[in-house]
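The values are calculated or read from the model by the stated rules, or taken from the named source; none is laboratory data. Owing to the predicted nature of the structure, the values given are computational and were not obtained by experimental measurement. When we count neighbours, we look across all protein chains shown, and the Cβ atoms used for this are built from the backbone with ideal geometry, even at glycine.
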Ligand code: SF4
């Protein structure tokens, strides 16, 4: 079972400046403040009481942890040492910027038992980084990734498609460069225009155009395919909706959707279903099967996928059902020619269709609810 995360948001603390798109206080809904020893202890105890028996992971998000003064890092991590020693807290996680990762910073994290570092890479294109006011180059990210991986950390990478100057090709190249370092996981946040940021001013002046929602979904679909093929999990697609973020006026523009990740998964499923239907004669009756929990991805929001496929292929889709015997990434089509299988995991990135799946007779074993 995954540990319960005890989050501390240290919004912007340690950051040498504001990147043009960033307002952590609005994104996380938390004000910038370093928690003192008492605040840390109280929060851990509260989480222990609400999740008895569960392992806890303490995480510092929203700032540049390794760019804090060393005494501050030692104070925060030092408070956690007794909990780590007692096993009350099983792991520690921090997030930081790539140019704040050097051997001294990493040695301190190592000594203090930090296991996971999340790096705000955002892009590996130097022009995009410069236009976004990041204050570092892609080489800093490469060095940080190499250092952290070389020292045995679990490394998560955050990417932001749609920053100023970005293109789909740039985003895919960024991801490919990051994947060379075999990160443990990815978070992908399409760029939003948050009120009060420099990006908001650029947007108002007409110097920045955010990705429309459908374009952001299409880009992220390609990124997701690439990550899946590399076997790197994408643990988050799109910002987590918060009260602050959903307050009218916080997001000026951009592809915000409370279920953004599901939109992307659903598009990916629709592409694969279309590919499976390619050799099906018009007028045929077909059904789809997927692993439990995936039906809504196949059906799409407001049955959009089923309607699109019905129209495109002139077929009658009888049902979509769960099949616990299928692998997590596999979709099965039951059609007039038998069963056709396709996998979301081995899709050619950038292509319109997946690698042609073979016809395999696996029988018809509908399980669970239909639609
Ligand atoms: S993107 Fe990261 S480094 Fe830039 S201002 Fe935000 S928290 Fe700080």
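Within segment 37-61, how many residues turn out to be away from the ligand (no atom under 16 Å from the Cβ) and either in contact with a helix residue (DSSP H, G or I) (Cβ under 6 Å, 6 or more places away or on another chain) or outside any loop (DSSP other than H, G, I, E, B) (or both)? Let's see the steps before the verdict.
Restricting attention to segment 37-61, the residues satisfying the condition of being away from the ligand (no atom under 16 Å from the Cβ) are 37-58.
If we keep only those that are either in contact with a helix residue (DSSP H, G or I) (Cβ under 6 Å, 6 or more places away or on another chain) or outside any loop (DSSP other than H, G, I, E, B) (or both) as well, we get 37-50, 56-58.
Residues that pass the stated criteria total 17.
I'd like to check which helices (runs of 4 or more DSSP H) are fully inside segment 194-297 and have at least 1 residues that are under 17 Å from residue 160 (Cα atoms) and modelled with pLDDT of 95 or more.
Values: elements: 198-204, 213-229, 243-246, 260-277.
Result: 198-204, 213-229, 260-277.
Return a yes/no flag: does segment 62-73 have any residue that is in the same structural domain as residue 155 (by TED's automatic domain parsing), within 15 Å of the ligand (Cβ to nearest atom), farther than 20 Å from residue 117 by Cα and in a helix (DSSP H, G or I).
Initial filter on segment 62-73 (in the same structural domain as residue 155 (by TED's automatic domain parsing)): 62-73.
If we keep only those that are within 15 Å of the ligand (Cβ to nearest atom) as well, we get 62-68.
Then drop every residue that is not farther than 20 Å from residue 117 by Cα, which leaves none.
The answer is no; no qualifying residue exists.
Name every residue in segment 92-102 that is touching a helix residue (DSSP H, G or I) at 6+ places or on another chain (Cβ under 7 Å), within 16 Å of the ligand (Cβ to nearest atom) and either in a strand (DSSP E or B) or under 20 Å from residue 40 (Cα atoms) (or both), in order of residue number.
Within segment 92-102, 94, 95, 96 qualify.
Could you please give the count of residues in segment 108-136 that are away from the ligand (no atom under 12 Å from the Cβ) and in a helix (DSSP H, G or I)? Write out each step before concluding.
First pass over segment 108-136, keeping only residues away from the ligand (no atom under 12 Å from the Cβ): 108-117, 124-128, 130-131.
When the remaining residues are screened for being in a helix (DSSP H, G or I), the result is 108-111, 126-128, 130-131.
Looking only at that region, the number is 9.
Would you call residue 105 at pLDDT 95 or above, within 16 Å of the ligand (Cβ to nearest atom) and surrounded by fewer than 18 Cβ atoms within 10 Å (Cβ to Cβ)? Walk me through it before giving the result.
On the way: at pLDDT 95 or above: yes; within 16 Å of the ligand (Cβ to nearest atom): yes; surrounded by fewer than 18 Cβ atoms within 10 Å (Cβ to Cβ): no.
No, not satisfied.
Quick check on segment 128-145. Is at least one of its residues under 23 Å from residue 4 (Cβ atoms), crowded, with 16+ Cβ neighbours inside 10 Å and in contact (Cβ under 8 Å) with a residue 24 or more places away in the chain?
Applying the first criterion (under 23 Å from residue 4 (Cβ atoms)) to segment 128-145 yields none.
Within segment 128-145 (the criterion being under 23 Å from residue 4 (Cβ atoms), crowded, with 16+ Cβ neighbours inside 10 Å and in contact (Cβ under 8 Å) with a residue 24 or more places away in the chain), the answer is no, since none of the residues qualifies.
Which one of these does residue 34 not meet: (1) touching a helix residue (DSSP H, G or I) at 6+ places or on another chain (Cβ under 7 Å); (2) away from the ligand (no atom under 12 Å from the Cβ); (3) at pLDDT 95 or above?
Only one criterion in (1) touching a helix residue (DSSP H, G or I) at 6+ places or on another chain (Cβ under 7 Å); (2) away from the ligand (no atom under 12 Å from the Cβ); (3) at pLDDT 95 or above is unmet by residue 34, namely (3).
Every residue in segment 44-62 that is in contact (Cβ under 8 Å) with a residue 24 or more places away in the chain and more than 20 Å from residue 12 (Cβ to Cβ), please. Steps first, please.
Kept after step one, since they are in contact (Cβ under 8 Å) with a residue 24 or more places away in the chain, are these residues of segment 44-62: 44, 47-48, 51, 54-62.
Scanning segment 44-62 gives 44, 47, 48, 51, 54, 55, 56, 57.
In segment 30-43, what residues are touching a strand residue (DSSP E or B) at 6+ places or on another chain (Cβ under 8 Å) and either exposed (fewer than 12 other Cβ atoms within 10 Å of the Cβ) or touching a residue at least 40 places away in the same chain (Cβ under 8 Å) (or both)?
Hits for segment 30-43 are 35, 40.
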